[in-house]
1. If the Cβ limit is 8 Å and pairs must be 6+ apart or interchain, which residue in region 550-570 that is over 20 Å from ASN322 (Cα atoms) pairs with which residue that is surrounded by fewer than 19 Cβ atoms within 10 Å (Cβ to Cβ) and not β-branched (Val, Ile, Thr)?
2. Any residue in region 730-747 that's within 17 Å of LYS796 (Cα to Cα): show its pairings with residues that are outside any helix (DSSP H, G or I) and among the polar types (S, T, N, Q) at Cβ separation under 6 Å, as long as the two are six or more apart or on different chains.
3. Pairs only if they're at least six apart or on different chains, beta carbon under 7 angstrom, first in region 470-488 and among the charged types (D, E, K, R), second open to solvent by 10 Å² or more (accessible area, probe 1.4 Å); list them, first residue then second.
4. Can you name every residue in region 218-227 that is within 10 Å of VAL387 (Cα to Cα) and open to solvent by 10 Å² or more (accessible area, probe 1.4 Å)?
5. Can you tell me which residue within region 283-321, out of those that are outside any helix (DSSP H, G or I) and among the charged types (D, E, K, R), is most open to solvent (accessible area, probe 1.4 Å)?
6. Hey, among the residues in region 400-427 that are open to solvent by 50 Å² or more (accessible area, probe 1.4 Å) and closer than 16 Å to SER352 by Cα, which one's farthest from the chain's Cα centre (by Cα)?
7. Considering only region 428-443, state which residues are farther than 16 Å from ALA369 by Cβ and either among the basic types (Lys, Arg) or over 26 Å from the mean Cα position of the chain (by Cα) (or both).
8. Would it be correct to say that PHE625 is open to solvent by 10 Å² or more (accessible area, probe 1.4 Å), more than 30 Å from LEU375 (Cα to Cα) and part of a helix (DSSP H, G or I)?
Amino acid sequence: MSSVKALDMWYRTFRNTSIFSWIRIAGVGVAGIMLVMYMLTSSNAPGREGRGFLRKRTDSGEDGLMQATHMASQPDAPAELGEVAPLPIMLYIVAVFAIGGLVFAGWLAQWVLAKDEGDKKMQEVSDAIREGAAGFLSTQYTTIFKLAVVVLVAVYFLYSVRTPPRNLPGVQSSSLALCVAISFAVGCVLSGIAGYVGMWVAVRSNVRVASAATRSFQEAVAVGLRAGAFSGILVVAMVLLGIIALLFTVRVLVPVHLHKLPFLLVGYSFGASFVALFAQLGGGIYTKAADVGADMVGKVESDIPEDDPRNPAVIADLVGDNVGDCAGRGADLFESIAGEILAAMILGGGLSKNLPQDVQNGYVLFPLAIHAMDLVISGVGVMMTEVPKGAKANNIDPMEVLKSGYKISVALAAVGIVVLCRLLLYTPTHPSAWQNFAMCGLLGLGTAFLFILVTQYYTDFNYPPVKQIAQASITGHGTNVIAGMAVGMRATAAPAGIISIALLASYKLGRSAFEGVANAGLFGTAVATMGMLSTVAFVLAMDVFGPITDNAGGIVEMSEQPEHVRDITDILDAVGNTTKAITKGFSVGSASLACFLLFSAFLDEVEEISGVAVGAIDLANPEVFIGGFAGATLVFYFSGQCMTAVGSAAQEVVNNVRNQFRERPGIMDGSQKPDYTSCVSIVTQAALREMISPGLIAAFVPLSVGFAFRLISSTSDPLIGAKAIAGFLMFATVAGVLFAIFLNTAGGAWDNAKKYIEKGVHGGKGSAAHKAAVTGDTVGDPCKDTAGPALHVLIKLLSTITLVCTPLFVADAHLQA
């Protein structure tokens, strides 16, 4: 009886929570979708053998080819023509490299955690950060996974009532649904684990970087980078192991050839994107609400330094660096890598059908092999990155030190790409094709390097753009904001040009490799994307280096260390701002190429379901244009919601800090201690509350647009819903990429302009120029750490969710006039 009472009390408590309300709303939505599906599939119009909008049309007058296709899709048809070959040995080799990556990541963690944690004051601050970060992420991921269960049920039902595609003859709908559902669940779980474990090591590394800074600049850089490398290596290894495990699992459920297996794993990237969106949203809202609140009251109103222990919001600010920049970015890049690998595998499998059987496997496994290589070359680059002995913090640029290691990884990647192209993409029937694809990969690698250079130019205070913002700060707050916005807007031109050239050149190179072969150009673009991501582990290491060194600076300030120690962490923190901006630019660039691939996959899926070629997407069609308008609008509305969430939560923090200063006047002279936990609690609750609405809007708006046009206008064109979504995706991708670049770059430039002035330029700390720069930094915080990173995930989520839910947008062909 006691257990029954306890369960009843738990239910009564849970029923009154906001989570229960959201689950109930989601349940009603799923039920509504199921009812609509049932109503649409229950019709029995003449001339159709498969009923409903999820079934392919099969008229009695179809030609022999369509009849044969229909017969092959019946449940009693054989799964494959011919014996299914065992999975190739290369898959096992990649698995060995991935396991080796996990071992190396474990060694990096052990090396970092073996370092000294500093004095008692440092440890007390670090313990508070750990407790706050762990508490927030545990609650956040519980909420995310409850929402994911609802989506999992909807995805399973959607696939269980649709006819399997023609390229998977004989596959039962139940088996297809189970494969997609399992891959979705695995993507959700691994994305969450990657973010959480990366954060776990980061919150234990910050105090060790702070302690290392008391001894030497060289040791602080080494500890910070290797702690970041743990996350980078871990994310790539887990993506590979997740895909490999799913290939083996799905092969048991559906015994098909290797080149068809990636079609069954589309849920993997969708699950990773779903978790990444909420993780990035929640973490971004948390970190910037605390940061803005702390800066507005601490720096502007009370004239106390950054990370001053007298500021009640400082612990919440330091916690936010970890849950936003470490856990959120880890989940972001996990889903980026997963989506791009699967898109490339699908394209490789489609292309390989036109090639001799003995070379088909190489085209499917090439993306996995590239990332196995990434584990090796990034590991070598990290281990060879070190500050020259005897160098001082004031006479060497840490960014150049990090770039020296990155250049080593790039050089090794260039050699590895050529070797892997020769080993896996060579075919006797087209002996020079591998050379074209090697050039595509090198083009992608060069694109990544150019992105890093462009982002550094616009966000590093050693270059003119940031100095221009600092100069504008002399004349006031308004001119600082204007200068920062101008820098962000100008910064979109170079990345857009680089992306366009890389996309077109790689497409042309791919087409020239196999003249007249379908998908060859798209596979060239896929190889370029893989080349761009071939050093992603090192890039993620540089990204996580930022929040770790930022936290280290806060720990140094709060534990009242000597000024020379703070000087070291300030330099590392400024570099960390640049590395974080670089990763965001890198993520946007790779996302734009990946969305192009996923867009092509979406059109192929529409054709597969309808049996009708989509053809060109005509923007003169009102439905297509309106769909595009809706896509661009979503980008701005979603960003506005993110900014509003930060502003609302920051207001609560500001009010709390002001009340503490008023009610505890002894805080300023050190006779009273601030209440750090109240700010942590406020920001935690606000972030969890505010992340739900933007996430659900991002998920449901594209489905609503496509389904609405399908119902309204499908009498004249059964594909109008899919075409409207195609316009939606095109406009949303272009607007999202450009707006994300603007937000990321402007925010990073504002932040480093402030740090440039803090070095003593234009009056230094406390001057009028510094106060203006703090205002610009405050405006830029939600741009670069909330809305901008969330847009990276949004544009990829739109592509994956529409790909998974394509059957919703295609009407029955018999409706066509």
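The values are calculated or read from the model by the stated rules, or taken from the named source; none is laboratory data. The structure presented is a predicted model; accordingly, all values stated were derived computationally and were not measured. Here the Cβ is made from the backbone with ideal geometry for all residues, glycine too, and neighbour counts use every protein chain on show. For the accessible areas, the whole protein counts, side chains as well, though only heavy atoms, and no ligand, DNA or RNA atoms are used. Shrake-Rupley method; radii C 1.70, N 1.55, O 1.52, S 1.80 Å.
1. As it stands, the answer is GLU560/LYS121; ASP567/ASN394, since those pairs meet every condition given.
2. Between residues of region 730-747 that are within 17 Å of LYS796 (Cα to Cα) and residues that are outside any helix (DSSP H, G or I) and among the polar types (S, T, N, Q), the close pairs are LEU738/THR492; ILE741/THR492.
3. Within 7 Å, no pair qualifies.
4. GLN218, GLU219, ALA222 - these are the residues of region 218-227 that are within 10 Å of VAL387 (Cα to Cα) and open to solvent by 10 Å² or more (accessible area, probe 1.4 Å).
5. Going through the qualifying residues, I end up with ASP303.
6. Filtering region 400-427 for residues that are open to solvent by 50 Å² or more (accessible area, probe 1.4 Å) and closer than 16 Å to SER352 by Cα, the one farthest from the chain's Cα centre (by Cα) comes out as TYR426.
7. PRO428, THR429, HIS430, PRO431, SER432, ALA433, GLN435, ASN436, MET439, listed by residue number.
8. Yes: the conditions hold for PHE625.
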